[in-house]
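A quick write-up on the structure given underneath.
The values are calculated or read from the model by the stated rules, or taken from the named source; none is laboratory data. In this text, all values refer to a predicted model and were calculated from it rather than measured experimentally. Cβ atoms come from the backbone with ideal geometry, glycine included; neighbour counts cover every protein chain shown.
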Amino acid sequence: MPRATPTVSICIPTFNGARYLARCLESALGQTHEDFEVLVVDDASTDKTVAVAERFVARDGRVRVTTNPRNLGLAGNWRRCVELARGAWIKFLFQDDYLAPTCLATMLAHAGPDTPFVVTARRLDVSGEGDVDIRGWYETHEAKHLMARRAEWPAIVPAEQFADCLIDYPMINFIGEPTATLIHRSLFERFGPFVSDMRVLVDWEYFARIGVNRGLAFIKEPLATFRVHADSTTQKEGRRSRFTNELDGLVMLDRLAYHPDFAPARAVAAQRRPPVDLAYALARAVRKAQRQAKVGGDFDDLARSNFEALQRRIPRLSITPPGYAKQRLREMGWAGWARIKRLLDRGLRRGQAPRPG
């Protein structure tokens, strides 16, 4: 009999994932740590996703399936998973992904009262699926950001170190996907729900919210696998509007600049020399997005409509912080002087080069 309150809830939010779900569920049930439940929360799929999941319910009492009466969307379904989970720890596992057999056991060994957020390295599965552009983007991201973090981070990453990295890369998810995380339930009680204003960076904003306050435990061994293919939610959102990442970036910067949960990041930014003003960073990003949305070209009427809707939901996006114009002039002056100096240095180097005999 499964326990009423298992140690871990493996939460699998699904939507039209029948093609990949069986392997995902097999990896969940194949864990060496056995005190868990598998919670499948289906977001009103129109394929055979629920039928696939129900076969596993009949096979193992630790699996349960619930279906949303209407589609809640990505962030809404993730929130529903947390609400229905019974475990002390939440282990997200996406319908396309799968876990190594020792994933839960190893992550739990690194978890505790002082480390309620555990992150593991992960592998990519691009096994012939997806086009060259998709493969290339993920492989580049892996090499530039995730691999770099694996090399640099200690086993315990303090909140200040995380915040320092976040300031440099606010729109780049250097944690990985939700499948690579283990989160104690108390963090959801402390930090609230996922942000509904985001479409692609939902998980990254939440991880950053936790990281700047609590830090994380990091496992360099890859214990999860993220499957890359053209039908994933991220790819569908990207095709729906190529402006999606730009808008998510504005939400991220707005929260960094103003939300109480990101106050530790602002404190670290203020200690930089020169200090980093995140409100100015947001204002610059808004103006860039405005130019892109108006120019047309790569962006369409949907992009402009989405941008205007986001401004209505977050009025601060239309506000210019005090002193912004003067600061931009100073920055332009510094950039101009740096360019002149590079040209002068290049000219000096050429002038000092030995002449051919």
task = Residues being closer than 11 Å to ARG86 by Cβ and in contact with a Ser or Thr (Cβ under 8 Å, 6 or more places away or on another chain): count how many of those fall in the stretch 1-37.
result = 2
ask   = Can you pull out the residues in the stretch 149-180 that are crowded, with 23+ Cβ neighbours inside 10 Å and more than 18 Å from MET252 (Cβ to Cβ)?
value = THR179, ALA180
key: Matching residues, the stretch 207-224, being among the aliphatic types (A, V, I, L, M) and either closer than 23 Å to ALA75 by Cα or assigned by TED's automatic domain parsing to the domain that holds PHE262 (or both)   = ALA208, ILE210, VAL212, LEU216, ALA224
inquiry  = Every residue in the stretch 24-62 that is touching a residue at least 40 places away in the same chain (Cβ under 8 Å) and surrounded by fewer than 16 Cβ atoms within 10 Å (Cβ to Cβ), please.
reply    = GLU26, GLY30, THR32, GLY61
query = From the set of residues in the stretch 136-175 that are at pLDDT below 90 and among the polar types (S, T, N, Q), which is farthest from PRO264 (Cα to Cα)?
reply = THR140
